[in-house]
Amino acid sequence: MFTAYPARISLLGDKRRSNIRANDLPRHGKCFRQRNSIEKRSKDQPRAAHMYMNFYVYVMRTSLHRIQPRRHRCAACFRQFNRTEHLVEHMRTARHSSHEPRCGFCFKHCRSFEALRDHLGVGGSTLPKAARCADNFAARGCTLCLSVFPTAAKLWEHQAQCQLHRTPTIPMSMPQGGGGGGALALGCKMVGAGSDGTLDVCARVCVVDERENLVFETFVKPLIPVTHYRYERTGIRPEQLRRGMTVKQAQEHVQNLLLAGEQPWKVRTSRGRAKLLVGHGLDHDLEALGMDYPAYLKRDTATYPPLMKTSKLSNSLKFLTHTYLGYDIQTGHQHPYEDCVAAMRLYHRMRAQPHHRGDGDAAASPASAEQAFPAWRQREMERMTPEELLQLSVPDYYCWCLDG
(Lines give C-alpha, C1' and ligand atoms only; values in the text may rest on other atoms or scores of the structure.)
Protein backbone atom coordinates (compact mmCIF):
# COMPACT_ATOMS: atom_id res chain seq x y z
CA MET A 1 0.00 0.00 0.00
CA PHE A 2 1.32 3.43 -0.93
CA THR A 3 1.76 5.29 2.34
CA ALA A 4 4.83 7.53 1.92
CA TYR A 5 5.35 10.26 -0.64
CA PRO A 6 8.88 11.64 -1.35
CA ALA A 7 9.48 15.31 -1.07
CA ARG A 8 10.73 15.53 -4.67
CA ILE A 9 7.24 14.75 -6.08
CA SER A 10 5.29 17.99 -6.16
CA LEU A 11 1.60 18.58 -6.70
CA LEU A 12 2.28 22.09 -8.04
CA GLY A 13 3.33 20.91 -11.48
CA ASP A 14 7.14 20.77 -11.32
CA LYS A 15 8.22 20.03 -14.93
CA ARG A 16 11.72 18.76 -14.24
CA ARG A 17 12.09 15.11 -15.24
CA SER A 18 14.62 14.54 -12.45
CA ASN A 19 11.81 14.82 -9.91
CA ILE A 20 10.09 11.68 -11.23
CA ARG A 21 11.08 8.45 -9.44
CA ALA A 22 9.31 5.30 -10.59
CA ASN A 23 10.52 3.32 -7.54
CA ASP A 24 8.34 5.54 -5.31
CA LEU A 25 5.18 3.90 -6.65
CA PRO A 26 3.56 0.63 -5.44
CA ARG A 27 4.54 -2.66 -7.04
CA HIS A 28 1.39 -4.77 -6.76
CA GLY A 29 -2.11 -5.05 -8.25
CA LYS A 30 -3.74 -2.24 -10.10
CA CYS A 31 -1.24 0.27 -8.76
CA PHE A 32 1.59 -1.75 -10.39
CA ARG A 33 -0.07 -1.53 -13.81
CA GLN A 34 -0.51 2.21 -13.40
CA ARG A 35 3.14 2.50 -12.43
CA ASN A 36 4.27 0.71 -15.59
CA SER A 37 2.07 3.01 -17.65
CA ILE A 38 3.66 6.06 -16.06
CA GLU A 39 7.17 4.64 -16.68
CA LYS A 40 6.38 4.12 -20.34
CA ARG A 41 4.94 7.60 -20.75
CA SER A 42 7.92 9.16 -19.00
CA LYS A 43 10.22 7.64 -21.67
CA ASP A 44 8.07 8.62 -24.65
CA GLN A 45 6.85 12.02 -23.46
CA PRO A 46 9.35 13.50 -20.98
CA ARG A 47 7.56 16.84 -20.68
CA ALA A 48 4.11 15.34 -19.95
CA ALA A 49 5.27 12.60 -17.57
CA HIS A 50 5.07 14.86 -14.51
CA MET A 51 1.37 15.47 -15.20
CA TYR A 52 0.52 11.76 -14.92
CA MET A 53 2.76 11.31 -11.89
CA ASN A 54 1.31 14.25 -9.98
CA PHE A 55 -2.26 13.23 -10.79
CA TYR A 56 -1.61 9.67 -9.58
CA VAL A 57 -0.09 10.88 -6.30
CA TYR A 58 -3.02 13.26 -5.76
CA VAL A 59 -5.55 10.44 -6.23
CA MET A 60 -3.65 8.18 -3.84
CA ARG A 61 -3.50 10.87 -1.18
CA THR A 62 -7.18 11.80 -1.36
CA SER A 63 -8.38 8.17 -1.29
CA LEU A 64 -6.44 6.98 1.77
CA HIS A 65 -9.50 7.40 3.99
CA ARG A 66 -11.29 4.82 1.85
CA ILE A 67 -8.56 2.28 2.47
CA GLN A 68 -8.83 2.50 6.28
CA PRO A 69 -11.47 0.06 7.64
CA ARG A 70 -14.46 1.69 9.33
CA ARG A 71 -14.65 1.05 13.07
CA HIS A 72 -17.98 0.56 14.85
CA ARG A 73 -17.81 1.72 18.48
CA CYS A 74 -20.10 0.58 21.27
CA ALA A 75 -21.99 3.53 22.74
CA ALA A 76 -21.65 2.12 26.29
CA CYS A 77 -18.17 0.64 26.84
CA PHE A 78 -16.46 2.25 23.78
CA ARG A 79 -15.17 -1.04 22.40
CA GLN A 80 -14.59 -0.96 18.64
CA PHE A 81 -15.44 -3.58 16.05
CA ASN A 82 -14.63 -3.97 12.35
CA ARG A 83 -18.04 -5.29 11.35
CA THR A 84 -21.54 -4.24 12.31
CA GLU A 85 -22.65 -7.78 13.08
CA HIS A 86 -19.86 -8.02 15.66
CA LEU A 87 -21.20 -4.92 17.39
CA VAL A 88 -24.73 -6.38 17.43
CA GLU A 89 -23.44 -9.62 18.94
CA HIS A 90 -21.53 -7.63 21.56
CA MET A 91 -24.67 -5.74 22.55
CA ARG A 92 -26.58 -9.02 22.73
CA THR A 93 -24.12 -10.55 25.22
CA ALA A 94 -22.87 -7.49 27.17
CA ARG A 95 -26.37 -6.41 28.29
CA HIS A 96 -25.50 -2.74 28.62
CA SER A 97 -28.18 -0.39 29.92
CA SER A 98 -28.74 2.99 31.51
CA HIS A 99 -28.68 1.32 34.96
CA GLU A 100 -24.95 0.61 34.84
CA PRO A 101 -22.50 2.86 36.74
CA ARG A 102 -21.28 5.57 34.38
CA CYS A 103 -18.41 8.03 34.30
CA GLY A 104 -19.58 11.62 34.74
CA PHE A 105 -17.03 12.98 32.25
CA CYS A 106 -16.69 10.58 29.28
CA PHE A 107 -20.02 8.79 30.03
CA LYS A 108 -18.46 5.36 29.71
CA HIS A 109 -20.53 2.53 31.18
CA CYS A 110 -18.88 0.21 33.71
CA ARG A 111 -20.09 -3.17 34.92
CA SER A 112 -19.67 -2.34 38.61
CA PHE A 113 -18.73 0.54 40.86
CA GLU A 114 -15.34 -1.07 41.43
CA ALA A 115 -14.67 -0.93 37.68
CA LEU A 116 -15.74 2.72 37.69
CA ARG A 117 -13.39 3.45 40.59
CA ASP A 118 -10.55 1.88 38.61
CA HIS A 119 -11.49 4.02 35.60
CA LEU A 120 -11.39 7.19 37.74
CA GLY A 121 -8.28 6.19 39.68
CA VAL A 122 -10.08 6.29 43.06
CA GLY A 123 -8.82 4.35 46.07
CA GLY A 124 -5.22 3.89 44.97
CA SER A 125 -6.04 1.64 42.01
CA THR A 126 -2.99 0.38 40.13
CA LEU A 127 -4.92 -0.43 36.92
CA PRO A 128 -4.68 1.81 33.85
CA LYS A 129 -7.10 4.71 34.13
CA ALA A 130 -8.39 7.51 31.92
CA ALA A 131 -5.98 10.33 32.71
CA ARG A 132 -8.34 13.17 31.77
CA CYS A 133 -11.28 11.70 33.70
CA ALA A 134 -9.08 10.95 36.72
CA ASP A 135 -7.72 14.49 36.86
CA ASN A 136 -11.17 16.06 36.60
CA PHE A 137 -12.61 13.69 39.17
CA ALA A 138 -9.85 14.45 41.66
CA ALA A 139 -10.97 18.08 41.62
CA ARG A 140 -14.78 17.77 41.44
CA GLY A 141 -15.74 14.19 42.32
CA CYS A 142 -17.03 12.51 45.47
CA THR A 143 -14.99 9.41 46.34
CA LEU A 144 -17.94 7.73 48.12
CA CYS A 145 -20.87 7.93 45.69
CA LEU A 146 -18.67 8.76 42.64
CA SER A 147 -20.88 11.72 41.70
CA VAL A 148 -19.49 14.74 39.84
CA PHE A 149 -20.26 18.37 40.71
CA PRO A 150 -19.75 21.58 38.74
CA THR A 151 -17.72 23.38 41.41
CA ALA A 152 -15.60 22.50 44.42
CA ALA A 153 -18.01 24.38 46.70
CA LYS A 154 -20.88 22.12 45.63
CA LEU A 155 -18.64 19.13 46.29
CA TRP A 156 -17.91 20.25 49.87
CA GLU A 157 -21.61 20.72 50.60
CA HIS A 158 -22.37 17.25 49.25
CA GLN A 159 -19.59 15.52 51.19
CA ALA A 160 -21.05 16.71 54.49
CA GLN A 161 -24.24 14.75 53.68
CA CYS A 162 -22.67 11.81 51.85
CA GLN A 163 -20.25 10.97 54.67
CA LEU A 164 -22.24 8.82 57.12
CA HIS A 165 -21.26 7.96 60.67
CA ARG A 166 -21.31 4.82 62.73
CA THR A 167 -24.36 4.24 64.91
CA PRO A 168 -23.25 5.32 68.40
CA THR A 169 -25.60 3.19 70.49
CA ILE A 170 -27.88 0.21 69.97
CA PRO A 171 -31.52 0.92 70.94
CA MET A 172 -32.63 -1.18 73.88
CA SER A 173 -36.41 -0.92 73.32
CA MET A 174 -38.18 -2.33 70.30
CA PRO A 175 -41.07 -0.42 68.65
CA GLN A 176 -44.49 -1.97 68.43
CA GLY A 177 -45.69 -3.29 65.08
CA GLY A 178 -43.79 -4.51 62.05
CA GLY A 179 -41.54 -1.52 61.52
CA GLY A 180 -41.81 1.44 59.17
CA GLY A 181 -41.28 1.40 55.43
CA GLY A 182 -41.51 -1.38 52.89
CA ALA A 183 -38.23 -3.13 53.70
CA LEU A 184 -36.65 -4.90 56.66
CA ALA A 185 -32.98 -5.71 57.19
CA LEU A 186 -31.99 -9.08 58.63
CA GLY A 187 -28.72 -9.88 60.37
CA CYS A 188 -27.51 -13.03 62.13
CA LYS A 189 -24.44 -13.88 64.15
CA MET A 190 -23.09 -17.40 64.03
CA VAL A 191 -21.22 -19.58 66.50
CA GLY A 192 -19.25 -22.71 65.73
CA ALA A 193 -20.48 -26.28 66.03
CA GLY A 194 -19.11 -29.66 65.03
CA SER A 195 -15.89 -31.33 66.08
CA ASP A 196 -13.68 -28.51 64.82
CA GLY A 197 -16.09 -25.59 65.35
CA THR A 198 -16.34 -24.66 61.65
CA LEU A 199 -20.05 -25.43 61.26
CA ASP A 200 -22.06 -22.18 61.45
CA VAL A 201 -25.20 -22.20 63.60
CA CYS A 202 -27.35 -19.16 64.32
CA ALA A 203 -26.95 -17.71 67.82
CA ARG A 204 -28.36 -14.18 67.48
CA VAL A 205 -30.98 -12.60 65.20
CA CYS A 206 -31.71 -8.93 64.57
CA VAL A 207 -34.30 -7.19 62.35
CA VAL A 208 -34.19 -3.45 61.56
CA ASP A 209 -36.67 -1.30 59.63
CA GLU A 210 -35.92 1.44 57.10
CA ARG A 211 -35.72 4.10 59.83
CA GLU A 212 -32.97 2.07 61.55
CA ASN A 213 -35.28 1.16 64.43
CA LEU A 214 -34.73 -2.18 66.10
CA VAL A 215 -37.82 -4.27 65.31
CA PHE A 216 -36.73 -7.65 66.68
CA GLU A 217 -33.64 -8.95 68.45
CA THR A 218 -33.05 -12.17 70.37
CA PHE A 219 -30.54 -14.88 71.19
CA VAL A 220 -31.20 -18.27 69.61
CA LYS A 221 -30.68 -21.62 71.30
CA PRO A 222 -28.93 -23.89 68.74
CA LEU A 223 -30.27 -27.37 68.03
CA ILE A 224 -26.80 -28.94 68.26
CA PRO A 225 -24.04 -28.43 70.85
CA VAL A 226 -21.82 -25.38 70.40
CA THR A 227 -18.10 -26.13 70.36
CA HIS A 228 -16.77 -22.63 69.60
CA TYR A 229 -18.55 -19.47 70.76
CA ARG A 230 -16.15 -17.16 68.85
CA TYR A 231 -16.31 -14.74 71.76
CA GLU A 232 -13.61 -12.41 70.40
CA ARG A 233 -15.96 -11.50 67.52
CA THR A 234 -19.50 -12.24 68.69
CA GLY A 235 -19.25 -11.51 72.43
CA ILE A 236 -21.76 -14.34 73.04
CA ARG A 237 -21.59 -16.37 76.25
CA PRO A 238 -23.15 -19.80 77.00
CA GLU A 239 -25.61 -18.43 79.57
CA GLN A 240 -27.04 -16.02 76.97
CA LEU A 241 -27.91 -18.88 74.63
CA ARG A 242 -29.53 -20.96 77.36
CA ARG A 243 -32.25 -18.37 77.92
CA GLY A 244 -32.73 -17.59 74.22
CA MET A 245 -35.51 -18.57 71.82
CA THR A 246 -35.54 -21.81 69.90
CA VAL A 247 -34.80 -21.74 66.18
CA LYS A 248 -38.43 -22.49 65.40
CA GLN A 249 -39.70 -19.58 67.48
CA ALA A 250 -37.22 -17.13 65.93
CA GLN A 251 -38.12 -18.37 62.46
CA GLU A 252 -41.84 -17.81 63.01
CA HIS A 253 -41.28 -14.34 64.45
CA VAL A 254 -39.11 -13.20 61.53
CA GLN A 255 -41.48 -14.71 58.99
CA ASN A 256 -44.47 -12.90 60.49
CA LEU A 257 -42.61 -9.59 60.29
CA LEU A 258 -41.72 -10.15 56.63
CA LEU A 259 -45.10 -11.39 55.44
CA ALA A 260 -47.03 -8.67 57.31
CA GLY A 261 -50.24 -10.69 57.26
CA GLU A 262 -49.94 -12.11 53.71
CA GLN A 263 -50.28 -15.84 53.09
CA PRO A 264 -46.95 -17.58 52.29
CA TRP A 265 -48.33 -19.20 49.13
CA LYS A 266 -49.58 -15.87 47.82
CA VAL A 267 -46.23 -14.12 48.25
CA ARG A 268 -44.67 -16.54 45.74
CA THR A 269 -46.40 -14.80 42.85
CA SER A 270 -47.46 -11.35 44.09
CA ARG A 271 -45.93 -9.16 46.77
CA GLY A 272 -49.02 -7.67 48.38
CA ARG A 273 -48.17 -6.35 51.84
CA ALA A 274 -44.98 -8.41 52.17
CA LYS A 275 -41.73 -6.61 53.00
CA LEU A 276 -38.51 -6.49 51.01
CA LEU A 277 -35.71 -8.36 52.76
CA VAL A 278 -32.38 -6.50 52.89
CA GLY A 279 -29.10 -7.97 54.12
CA HIS A 280 -25.64 -9.21 53.31
CA GLY A 281 -25.38 -12.92 52.54
CA LEU A 282 -29.11 -13.51 52.95
CA ASP A 283 -29.01 -17.09 51.69
CA HIS A 284 -26.63 -18.04 54.50
CA ASP A 285 -28.73 -16.30 57.17
CA LEU A 286 -32.02 -17.79 55.94
CA GLU A 287 -30.49 -21.25 55.78
CA ALA A 288 -29.33 -20.93 59.40
CA LEU A 289 -32.90 -20.04 60.41
CA GLY A 290 -34.41 -22.78 58.26
CA MET A 291 -36.38 -20.22 56.24
CA ASP A 292 -37.10 -19.54 52.59
CA TYR A 293 -38.12 -16.28 50.92
CA PRO A 294 -38.94 -15.40 47.28
CA ALA A 295 -35.91 -14.27 45.32
CA TYR A 296 -37.67 -11.25 43.80
CA LEU A 297 -38.16 -9.82 47.31
CA LYS A 298 -34.50 -10.16 48.35
CA ARG A 299 -32.07 -7.23 48.24
CA ASP A 300 -28.70 -8.81 48.97
CA THR A 301 -25.68 -6.47 48.97
CA ALA A 302 -23.36 -9.46 48.54
CA THR A 303 -24.83 -10.50 45.16
CA TYR A 304 -25.92 -7.15 43.70
CA PRO A 305 -23.82 -6.81 40.49
CA PRO A 306 -22.89 -3.09 40.83
CA LEU A 307 -21.49 -3.79 44.33
CA MET A 308 -19.50 -6.89 43.35
CA LYS A 309 -15.86 -7.11 42.30
CA THR A 310 -14.78 -6.97 38.68
CA SER A 311 -14.09 -10.71 38.99
CA LYS A 312 -17.81 -11.17 39.86
CA LEU A 313 -16.98 -12.17 43.46
CA SER A 314 -18.68 -10.69 46.51
CA ASN A 315 -17.20 -7.93 48.62
CA SER A 316 -17.40 -8.07 52.40
CA LEU A 317 -19.89 -5.85 54.21
CA LYS A 318 -17.02 -4.22 56.07
CA PHE A 319 -15.37 -3.22 52.78
CA LEU A 320 -18.62 -1.94 51.25
CA THR A 321 -19.41 0.16 54.33
CA HIS A 322 -15.95 1.73 54.39
CA THR A 323 -15.87 2.36 50.61
CA TYR A 324 -19.39 3.64 49.95
CA LEU A 325 -20.59 4.92 53.34
CA GLY A 326 -17.34 6.27 54.76
CA TYR A 327 -17.11 4.61 58.19
CA ASP A 328 -15.88 1.33 59.68
CA ILE A 329 -17.86 -1.50 61.25
CA GLN A 330 -17.17 -4.92 62.78
CA THR A 331 -14.48 -3.76 65.17
CA GLY A 332 -14.35 -5.53 68.51
CA HIS A 333 -17.47 -7.44 69.50
CA GLN A 334 -19.84 -7.43 66.52
CA HIS A 335 -23.54 -6.81 66.94
CA PRO A 336 -25.98 -7.81 64.16
CA TYR A 337 -27.77 -4.45 64.54
CA GLU A 338 -24.72 -2.70 63.12
CA ASP A 339 -24.68 -5.04 60.12
CA CYS A 340 -28.39 -4.48 59.50
CA VAL A 341 -27.99 -0.70 59.56
CA ALA A 342 -25.03 -0.85 57.15
CA ALA A 343 -26.93 -3.10 54.71
CA MET A 344 -30.00 -0.84 54.85
CA ARG A 345 -27.90 2.27 54.19
CA LEU A 346 -26.25 0.61 51.21
CA TYR A 347 -29.68 -0.33 49.90
CA HIS A 348 -30.90 3.25 50.23
CA ARG A 349 -27.81 4.58 48.44
CA MET A 350 -28.22 2.16 45.54
CA ARG A 351 -31.96 2.82 45.34
CA ALA A 352 -31.34 6.57 45.07
CA GLN A 353 -29.15 6.26 41.96
CA PRO A 354 -30.30 8.78 39.29
CA HIS A 355 -30.91 6.33 36.43
CA HIS A 356 -32.94 6.98 33.32
CA ARG A 357 -35.96 4.71 33.44
CA GLY A 358 -37.36 3.31 30.22
CA ASP A 359 -40.83 2.04 29.52
CA GLY A 360 -39.90 -1.61 29.92
CA ASP A 361 -37.62 -1.35 32.94
CA ALA A 362 -40.19 -2.63 35.43
CA ALA A 363 -40.67 -5.78 33.38
CA ALA A 364 -36.99 -6.25 32.53
CA SER A 365 -35.97 -9.86 32.98
CA PRO A 366 -33.50 -12.27 31.38
CA ALA A 367 -36.30 -13.65 29.16
CA SER A 368 -37.27 -10.22 27.82
CA ALA A 369 -33.60 -9.30 27.41
CA GLU A 370 -33.01 -12.25 25.08
CA GLN A 371 -35.90 -11.04 22.95
CA ALA A 372 -34.39 -7.56 22.64
CA PHE A 373 -31.96 -8.75 19.92
CA PRO A 374 -33.78 -11.55 18.06
CA ALA A 375 -32.08 -13.26 15.16
CA TRP A 376 -34.86 -12.40 12.71
CA ARG A 377 -34.07 -8.68 13.20
CA GLN A 378 -30.36 -9.08 12.50
CA ARG A 379 -30.38 -7.13 9.22
CA GLU A 380 -32.47 -4.36 10.73
CA MET A 381 -30.19 -4.04 13.77
CA GLU A 382 -27.08 -3.88 11.59
CA ARG A 383 -28.47 -0.68 10.05
CA MET A 384 -29.05 0.91 13.47
CA THR A 385 -26.70 3.37 15.12
CA PRO A 386 -24.83 2.37 18.34
CA GLU A 387 -27.10 4.69 20.33
CA GLU A 388 -30.21 2.96 18.99
CA LEU A 389 -28.76 -0.45 19.86
CA LEU A 390 -28.10 0.77 23.41
CA GLN A 391 -31.75 1.79 23.77
CA LEU A 392 -32.81 -1.76 22.89
CA SER A 393 -30.52 -3.36 25.46
CA VAL A 394 -31.81 -4.28 28.93
CA PRO A 395 -29.79 -5.30 32.04
CA ASP A 396 -29.44 -8.88 33.23
CA TYR A 397 -30.34 -7.93 36.82
CA TYR A 398 -33.07 -6.00 38.61
CA CYS A 399 -31.92 -2.49 39.44
CA TRP A 400 -32.83 -1.34 42.94
CA CYS A 401 -33.64 2.16 41.70
CA LEU A 402 -36.93 0.70 40.44
CA ASP A 403 -38.02 0.13 44.06
CA GLY A 404 -38.31 3.86 44.56
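Note on the stretch 208-220: among residues that are among the charged types (D, E, K, R) and over 15 Å from K248 (Cα atoms), the one that is surrounded by the fewest Cβ atoms within 10 Å (Cβ to Cβ) is R211. Within the stretch 182-197, being buried (at least 24 other Cβ atoms within 10 Å of the Cβ) and either in contact with a Ser or Thr (Cβ under 6 Å, 6 or more places away or on another chain) or not aliphatic (A, V, I, L, M) (or both) holds for G187, C188, K189.
Would you pick out the residues in the stretch 262-280 that are free of Cβ contacts under 8 Å to residues at least 24 places away in the same chain and assigned to a loop (DSSP other than H, G, I, E, B)? Correct list: E262, Q263, T269, S270, G272, R273, A274.
Checking each residue in the stretch 78-99 for being assigned to a loop (DSSP other than H, G, I, E, B), on the phi < 0 side of the Ramachandran plot, surrounded by fewer than 18 Cβ atoms within 10 Å (Cβ to Cβ) and of a type outside the set (K, R) picks out only N82.
For the stretch 221-240, a tally of residues being open to solvent by less than 80 Å² (accessible area, probe 1.4 Å) and in contact (Cβ under 8 Å) with a residue 40 or more places away in the chain returns 4. Residues in the stretch 140-166 that are within 17 Å of P306 (Cβ to Cβ) and small (G, A, S): S147 only.
Of the residues making up the stretch 342-359, those that are modelled with pLDDT of 90 or more and either in contact with a Cys (Cβ under 9 Å, 6 or more places away or on another chain) or farther than 15 Å from Q163 by Cα (or both) are A343, M344, Y347, R349, M350, R351, A352, Q353.
Scanning the stretch 217-241 for residues that are under 14 Å from H335 (Cβ atoms) and either of a type in the set (G, A, S) or in a strand (DSSP E or B) (or both) gives E217, T218, F219, G235. Conditions: (1) modelled with pLDDT of 95 or more; (2) more than 19 Å from the chain's Cα centre (by Cα). N315 meets all but one. Number of the miss? Unmet condition: (2). Scanning the stretch 312-335 for residues that are assigned to a loop (DSSP other than H, G, I, E, B) and touching a Cys at 6+ places or on another chain (Cβ under 8 Å) returns G326, H335. Take K309 and tell me if it is within 19 Å of the chain's Cα centre (by Cα), charged (D, E, K, R) and closer than 30 Å to D328 by Cα. Criteria met by K309.
The values are calculated or read from the model by the stated rules, or taken from the named source; none is laboratory data. Please read all numbers here as calculations on a predicted model, not as lab measurements. Counting neighbours? That spans all protein chains shown, and the Cβs are built from the backbone with ideal geometry, glycine included. For the accessible areas, the whole protein counts, side chains as well, though only heavy atoms, and no ligand, DNA or RNA atoms are used. Shrake-Rupley method; radii C 1.70, N 1.55, O 1.52, S 1.80 Å.
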